[in-house]
Amino acid sequence: MAQGENSLSHPASRRSFIKGLGAAGASLTALPRWSFAEDTAAAYANAAIDWKQFTGQTIALSGAIHPWSNAITPLLPEFTILTGINVTIDFQLETSYLGALPIRLARGSSTPDVFMFTTYGQGISNGWVEPLNGYYSQRSLTDPAWYDESDLLKTARAFPLWSDGERYAVPITSEAMTLFINSDALAAKHLPVPQTFEELLVTAKAVKTNGMSGIAMRAQASGNSSPPAMGFLFSYGGAMVEHNRVAFAGPEGIAAIEMYGQLLGQAGPAGVGSYEWYHVLDDFLQGRTAMAIDSSNFATDISNPAKSRVANQAGFATFPHLAGRGPVPFMSHWQACINSRSRNKRAAFLFLLWATSKATSLRTAAAGLATTRVSAWSSEGFKKAFGPQAAEAALTNLQNADVDRAKAVLFHPQSRLILDAFMIGVNEVVNGAKSAKDAMTGAAERANAAIRG
């Protein structure tokens, strides 16, 4: 996130980031308060907003260790200078964070005030997240012309809308499943970048060696591993959820997961059944796999010679497609929500407005963050940090995605249950325990029974 998807590079990077942040909940007011650059200060001064209206309040920000938390953290002292609002942070490893947050919200805690979130439907149905339309309409909080929602990517405008038109979240990142290529490995076999799934299978098998897998993708039996496999499902014409019923066991879903299992079973790394995003990324960074499919947000690490052994030969491509059909990669936007029990809701909204504004997005984009802003995506700072080929591939994959099919499962109140069931089935196929038909049929039956129950 997406979901899952999609945090810092590999275990060493995550440890370094945690150490850099210091203890969980550390107050950012203790950090040095360097001055705004004049042009940055002017960008916020142009807004018809009283930035100081909540001076003295403190908001607690929680989330996953992720490119967004990495990019926004250095700017938080400047937010405090601008607004007088103090910010405390609590960023955790993604799996730990996603497991702990619902428990905390279910207990009725008033903190965190702002939090990164993925299980949108669960949060809305349980009353954990604050509806935001009313805040956007308050002129003391929002300057619509300055904020300029028309500058948001089309997917970012559509993603947070609930069925009744209410918004309960603000998208903070953009990502889509992308094909990563070790161009040297393909060139050694005189092979082009694969376009279709059949070509992907042929290529992956051809480039596999004793020291290098042909392709790496997530296959762990956990919903957090589902994004790449969902892209296969969607591209074969299938869906995760239709009419409040699990739909991934149809003919399209069975064919998609059969191909997923063939790829990883015949050309994947040893032990791929336990692979999460960080295993996939680390294999690609270290040159242990010729190809990988995962979040477009990994581009900054892949292209960074300090982290990647394949930085100079890495390529980025559009998601594969079924012959005769267009690609439909899974896409998502990590979102940030306001706790419905927060005592600082207006200050929290002002933070979200600042964090996703044009001015802030340009700065986080220059650090390589794939924001939700068209202006940031087209900026030279982003192209330099993210890489022009990676940016083009990611944007193409976002444009090819189907927002409604992604939202149908991500916003379902039982999304976690559905995603877990799906990946248990995928894992069974990858490990050779069951056929795609048996695995996906059984997974869908279990998920539908749980939804009805």
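The values are calculated or read from the model by the stated rules, or taken from the named source; none is laboratory data. What you see is a predicted model, and the numbers here were worked out from it, not measured in a lab. Cβ: placed from backbone, ideal geometry, glycine included. Neighbour counts: every protein chain shown. The protein model used for the area step is the full one, side chains on, heavy atoms only, and it has no ligands, DNA or RNA in it. Shrake-Rupley method; radii C 1.70, N 1.55, O 1.52, S 1.80 Å.
See the values below:
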quantity	calculated
Ellipticity estimate at 222 nm from DSSP helix runs (n ≥ 4, -39,500 (n - 2.57)) divided over the chain, nearest 500	-13000 deg cm²/dmol
Rounded percent of accessible protein surface that carbon and sulfur make up, the chain, 1.4 Å probe	51 percent
Greater than 22 Å apart at Cα, pairs in Lys52/Lys358; Lys189/Lys307; Lys205/Lys384	Lys189/Lys307; Lys205/Lys384
Straight-distance crosslink candidates among aspartates and glutamates, where the alpha carbon sits under 13 Å from Lys383 and sequence neighbours closer than 8 are dropped	Glu392
Descending Cα extents along the principal axes, the range 226-269, whole Å	37, 19, 14
Calculated over the chain: convex hull of Cα atoms, volume per residue (Å³)	131 Å³
Relative packing of peptides 285-292, 403-410 - highest average C-beta neighbours within 10 Å first	285-292, 403-410
Descending Cα extents along the principal axes, the range 121-236, whole Å	62, 33, 25
Probe 1.4 Å, protein heavy atoms only - accessible area per residue of the chain in square angstrom	37 Å²
